[in-house]
Amino acid sequence: MNTVLIIDDEEKLRSLMARIISLENFTVVEAATLNAGLKKLDSQNIDVVLCDVKLPDGNGVDFVKEAKQKFQLIEFILLTAYGNITDGVQAIKNGAFDYIIKGDDNNKIIPLLHQAVEKVTIQKQKAISISSKEKYHFDNIIGESAAIKNAIQLAQKIAITDINVLLLGETGTGKEVFANAIHSNSKRNNQPFIAINCSAFSKHLLESELFGYKVGAYTGAVKDKKGLIELANNGTLFLDEIGEMNVELQAKLLRVLENKEFIKLGDEKTTKVNIRVIAATNRNLKTEIVKGNFREDLFYRLNGFTIQLPSLKERKEDIALLAHYFLTLYATKNNIDLLHINSNALQALQQYEWKGNIRELKNVIECAAILTDSKQILAEHLPYEVQQSNNAIPNNLLLATIEKQHIQKVLLHTKGNKTETAKLLGIGLTTLYRKIEEYQISYSFPK
């Protein structure tokens, strides 16, 4: 059963909404202020928040921006008695799922809640991979550079052991692919491989996802749930972005690694498990230990063997291979002839500093394939900053013109889907909205 938090200081209206929503098979939690709402978000598993705009201790529009940074998987629907376009636009930019007017839009609330829950469910599925059918092997890791070959050789050596592994590297360097390959080449390869992105969950939600709970452990816990640690029994648990885990949860994880047992939320007895843990982070954990953000004893438990994954700037000779691979994937997926990258565009790709690494390169290649009208990707099909790395921009085109055309073409491809457009462009959703407004880009496209 999904849980909705209503934040509204009008008690009668809040209670009325709570009754209506609960009839639709939602668990409802109430709060009269933003501060009280934050405490509910910290302590309970909330899926969707219905929040008034004007509250005694703040503005709902500003609250969404702050809350979405901390609770990425929760959707926020803002309610206002006096709607205005400026607030509505800003609410969406700040990450709100929708912005509706009390009274006029009451009939929209229930359908919106179901839509928001559906999005939450999809996002959770993306953040958690349970026994993925897609198994990676070391042969699937593309690259001929010394840096990537060295990482692969180390991973191959420790894959056959049962030692815990710590993967270090920048965002987008392929840490989950390596973790999957290590599992696939281990003696646990016929058992579950379960991956979770720790940064995507709030402390309370991450705890319930990892450890599970017994019925009645908290509001909304209407039946027992097995946690990912239990589901990974005899297999491998991959903890991505381990550096984002709350210190209290780190202590509970440490007990699992030391004693091979844990206690579910709301339970009294221990559950035994046999798991191998592969953890990954883009943070410097030794620095985080000094700051008090990461437990030193957990670090040494996880750090049975460390592999540093190279960034793209350390393996630039692999960029052409990766770009061709992503083009092949795109062509196969869309049933089109294979595209080619001209030398000028390839040189720009090789000279660019890839902050998002392989993930960013994949997005750029896919976006370029969308933009080209021929069989070839040219420098002009690449994002401005990539073109700039090779001085590949045609002199007769201004930056604003290039950027506007780039965004328009991708919006056309996604039929106006801003979330997908932002992903393909490799920018944040808020940045996309700002660019749309700045360039006055129309995004009403036929379905």
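The values are calculated or read from the model by the stated rules, or taken from the named source; none is laboratory data. The model shown is predicted, which means the values in this text are computed figures rather than measured ones. Heads up, the Cβs are rebuilt from the backbone with ideal geometry, glycines too, and the neighbour counts pull from every protein chain shown.
Scanning region 35-53 for residues that are among the acidic types (Asp, Glu) and farther than 19 Å from Gln115 by Cβ, which turns out surrounded by the fewest Cβ atoms within 10 Å (Cβ to Cβ)? Reasoning before the result, please.
The initial filter retains those residues of region 35-53 that are among the acidic types (Asp, Glu), namely 42, 47, 52.
Checking which are farther than 19 Å from Gln115 by Cβ leaves us with 42, 52.
On the way: Asp42: 13, Asp52: 24.
Ranking the qualifying residues of region 35-53, first place goes to Asp42.
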Legend entry - helices (runs of 4 or more DSSP H) contained entirely in region 179-272, each with at least 2 residues that are in the same structural domain as Ala159 (by TED's automatic domain parsing) and modelled with pLDDT under 90: 203-211
Inset, instruction - Kindly indicate whether Leu265 is touching a strand residue (DSSP E or B) at 6+ places or on another chain (Cβ under 9 Å), among the hydrophobic types (A, V, I, L, M, F, W, C) and over 24 Å from Ile141 (Cα atoms). - result: yes
Inset, instruction - Tell me which of these Arg188 doesn't satisfy, since it passes every other one: (1) within 15 Å of Ala127 (Cα to Cα); (2) touching a residue at least 60 places away in the same chain (Cβ under 8 Å). - result: (1)
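Taking into account only those residues within region 283-306 that are hydrophobic (A, V, I, L, M, F, W, C) and in a helix (DSSP H, G or I), which is nearest to the chain's Cα centre (by Cα)?
Start the filter on region 283-306 by keeping residues that are hydrophobic (A, V, I, L, M, F, W, C), which leaves 285, 289-290, 294, 298-299, 302, 305.
If we keep only those that are in a helix (DSSP H, G or I) as well, we get 285, 289-290, 298-299, 302.
Numbers: Leu285: 21, Ile289: 25, Val290: 27, Leu298: 24, Phe299: 24, Leu302: 23 Å.
Here the answer is Leu285.
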Legend entry - Residue list for region 15-34, restricted to those being in a helix (DSSP H, G or I) and either surrounded by fewer than 19 Cβ atoms within 10 Å (Cβ to Cβ) or at positive phi (or both): Ser15, Leu16, Ala18, Arg19, Ile20, Ser22
Legend entry - Residue ID - farthest from Leu205 (Cα to Cα), chosen from residues in region 3-29 that are touching a residue at least 40 places away in the same chain (Cβ under 8 Å) and out of contact with any Asp or Glu (no Cβ under 8 Å at 6 or more places or on another chain): Leu13
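Going by the structure shown, is Asn342 out of contact with any Gly (no Cβ under 6 Å at 6 or more places or on another chain) and at pLDDT below 90?
Values: out of contact with any Gly (no Cβ under 6 Å at 6 or more places or on another chain): yes; at pLDDT below 90: no.
No, not satisfied.
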Legend entry - Pick from region 378-399, criterion out of contact with any helix residue (DSSP H, G or I) (no Cβ under 7 Å at 6 or more places or on another chain) and modelled with pLDDT under 65, ranking: nearest to Ala323 (Cα to Cα): Asn391
Legend entry - Of all residues making up region 191-220, the number that are more than 22 Å from the chain's Cα centre (by Cα) and free of Cβ contacts under 8 Å to residues at least 60 places away in the same chain: 6
Legend entry - Residue within region 147-162 that is closer than 20 Å to Lys272 by Cβ, over 17 Å from the mean Cα position of the chain (by Cα) and either free of Cβ contacts under 8 Å to residues at least 60 places away in the same chain or in the same structural domain as Thr306 (by TED's automatic domain parsing) (or both) present: yes
Inset, instruction - Residue by residue through region 349-377, note down the ones that are modelled with pLDDT of 90 or more, in a loop (DSSP other than H, G, I, E, B) and surrounded by fewer than 19 Cβ atoms within 10 Å (Cβ to Cβ). - result: Glu353, Lys355, Gly356
Inset, instruction - Report yes if Val89 is of a type in the set (A, V, I, L, M), surrounded by fewer than 17 Cβ atoms within 10 Å (Cβ to Cβ) and at negative phi, otherwise no. - result: yes
Inset, instruction - Tell me which residues, restricted to region 54-69, are surrounded by 14 or more Cβ atoms within 10 Å (Cβ to Cβ) and assigned to a helix (DSSP H, G or I). - result: Gly60, Val61, Asp62, Phe63, Val64, Lys65, Glu66, Ala67, Lys68
